1. Look through the range 215-256, keep the residues that are surrounded by fewer than 20 Cβ atoms within 10 Å (Cβ to Cβ) and of a type in the set (Ser, Thr, Tyr), and return whichever of them is farthest from Trp205 (Cα to Cα).
2. Check the range 98-108 and report whether any residue there is at pLDDT below 90, closer than 27 Å to Gly124 by Cα, within 21 Å of the chain's Cα centre (by Cα) and among the small types (Gly, Ala, Ser).
3. Can you give me the ranges of the helices (runs of 4 or more DSSP H) entirely in the range 94-191 with at least 1 residues that are more than 24 Å from Cys206 (Cβ to Cβ) and not hydrophobic (A, V, I, L, M, F, W, C)?
4. For Gly164, are the conditions met, namely being within 25 Å of Leu234 (Cβ to Cβ) and either surrounded by 23 or more Cβ atoms within 10 Å (Cβ to Cβ) or at pLDDT 95 or above (or both)?
5. Which residues, taken from the range 208-229, are in contact with a Pro (Cβ under 8 Å, 6 or more places away or on another chain), outside any helix (DSSP H, G or I) and either basic (Lys, Arg) or within 15 Å of Ile177 (Cβ to Cβ) (or both)?
6. Working carefully through the options Arg264, Arg218, find the one that is modelled with pLDDT of 90 or more, charged (D, E, K, R) and touching a helix residue (DSSP H, G or I) at 6+ places or on another chain (Cβ under 7 Å).
7. Residues in the range 281-299: is at least one of a type in the set (A, V, I, L, M), in contact (Cβ under 8 Å) with a residue 60 or more places away in the chain and in contact with a helix residue (DSSP H, G or I) (Cβ under 6 Å, 6 or more places away or on another chain)?
Amino acid sequence: MLTSLLAGERTWDALSASEVATLRGLPQVGALIEAGRSLRSHDVHATLRFARLARYAADRLNPKELGAKPVADLRALAWVELANAYRICDDLPRASQAMNRSVFWSSRGSRSSLLLARIAVLLGALLSAQRRLSEAVEVLGLVYKVHALEGRPHLAGRALISMGQYTTSVGEPGRAIVLMRQGLDLVDQTRDPILVAQTLQAMLWCLVDLGRFRAARRLLWSSRIVLEENPNALDRLRVRWLEGRIYAGLCDFARAEAALLETRAGFAQREQVYPAALAGLDLATLWARQGRFEEVRALAQEMIVTFRALRIAREAIVTLLILQRACVGDGGQLLEIIEMVVTFLNDLERQPARRKE
């Protein structure tokens, strides 16, 4: 029965009374929450289905049998995990509603610092998705202090790493590197190797954005084993993308081109439209620096066709048309125009509602 619900083969209304009863109980709710978390990086829609199941099961708990505060705590946890699932599925209005329900139940529970910190962490992620980045950093700062004061270094380190990631989005890559480095010193790296790999990758992006290409190359070399052990294929592609940008910054054009071509093709094969476009624009920058304007023009035309076919926002197509026309003649201001297109696409990728016409 649980399998058919998670696969979307059955609905709540189709459940019998005896089947509904099997979804009750504290252990079942906890198992559903953990199952949803484990799938977050592999299947976001399955994560949402598990989160809905957990929320439903938590709301069915009987406070008279189990105690009002334990039930309120579990409902708060189930609702905040549902909010996070909606967030990663780009449904921010429902994420906000679920977050409000979590806060409501947390105020009626035990007020456990661990639970409140978990809610705050996911609230920070939601605020970041809403582009309320300064608020997100502030919330994570409070989470860090709570875990540090109560002797939980791993969780304190995670909070610092998240603060660093949000600080990157605010436009302070230098401060972000410091925060993430401090976070890595605190986390138990054997407990969460994927977090370590993702943090190293984020630090590399910051170094590249700062133009510190030699430092980025040294960090890439020293962390190669950790980065390549990451099972996520998209993360490995992003590392290859970083290699391309680092080689470009070091004027090793041949290696940079090979890495960026591979990256763009890999993202396109996996239907990752925006990363493929951004990697393509890095390739366009590389070609423009070499005076290869006709290749930039052809690349822009290919991206225009793709964006039109996918009905991606018309403003994005307009920027690509401007880029294409700038390739005529001596390519004056071409690098500035490519930078403008990159900024626009980055902004569009962060705002799901604007992606379609």
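The values are calculated or read from the model by the stated rules, or taken from the named source; none is laboratory data. What you are looking at is a predicted structure, and each value in this text was computed from that prediction instead of being measured. Methodologically, a virtual Cβ is constructed for each residue, glycine included, from the backbone with ideal geometry; neighbour enumeration extends over all protein chains shown.
1. Top of the filtered list is Ser222.
2. Residues of the range 98-108 that are at pLDDT below 90, as a first pass: none.
No, the conditions are met nowhere in the range 98-108.
3. Details: elements: 113-129, 133-149, 153-170, 173-186.
Filter on the range 94-191 gives 113-129.
4. On the way: within 25 Å of Leu234 (Cβ to Cβ): yes; either surrounded by 23 or more Cβ atoms within 10 Å (Cβ to Cβ) or at pLDDT 95 or above (or both): yes.
Considered against the rule, which asks whether it is within 25 Å of Leu234 (Cβ to Cβ) and either surrounded by 23 or more Cβ atoms within 10 Å (Cβ to Cβ) or at pLDDT 95 or above (or both), Gly164 comes out as yes.
5. Of the range 208-229, the ones in contact with a Pro (Cβ under 8 Å, 6 or more places away or on another chain) are 209-210, 226, 229.
Now narrow it down to the ones that are outside any helix (DSSP H, G or I): 210, 229.
Leu210, the sole residue that qualifies.
6. On the way: Arg218 fails: touching a helix residue (DSSP H, G or I) at 6+ places or on another chain (Cβ under 7 Å).
So the residue among Arg264, Arg218 that is modelled with pLDDT of 90 or more, charged (D, E, K, R) and touching a helix residue (DSSP H, G or I) at 6+ places or on another chain (Cβ under 7 Å) is Arg264.
7. So in the range 281-299, the residues of a type in the set (A, V, I, L, M) come out as 281, 283-284, 286, 288, 296, 298-299.
Next cut, in contact (Cβ under 8 Å) with a residue 60 or more places away in the chain only: 281.
Among the residues that remain, those that are also in contact with a helix residue (DSSP H, G or I) (Cβ under 6 Å, 6 or more places away or on another chain) are: 281.
Within the range 281-299, one or more residues are of a type in the set (A, V, I, L, M), in contact (Cβ under 8 Å) with a residue 60 or more places away in the chain and in contact with a helix residue (DSSP H, G or I) (Cβ under 6 Å, 6 or more places away or on another chain).
Per-residue answers, yes or no, for (1) surrounded by 20 or more Cβ atoms within 10 Å (Cβ to Cβ); (2) modelled with pLDDT under 90; (3) under 27 Å from the mean Cα position of the chain (by Cα):
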site	(1), (2), (3)
Ala7	no, yes, yes
Val20	no, yes, no
Ser41	no, yes, yes
Asp91	no, no, yes
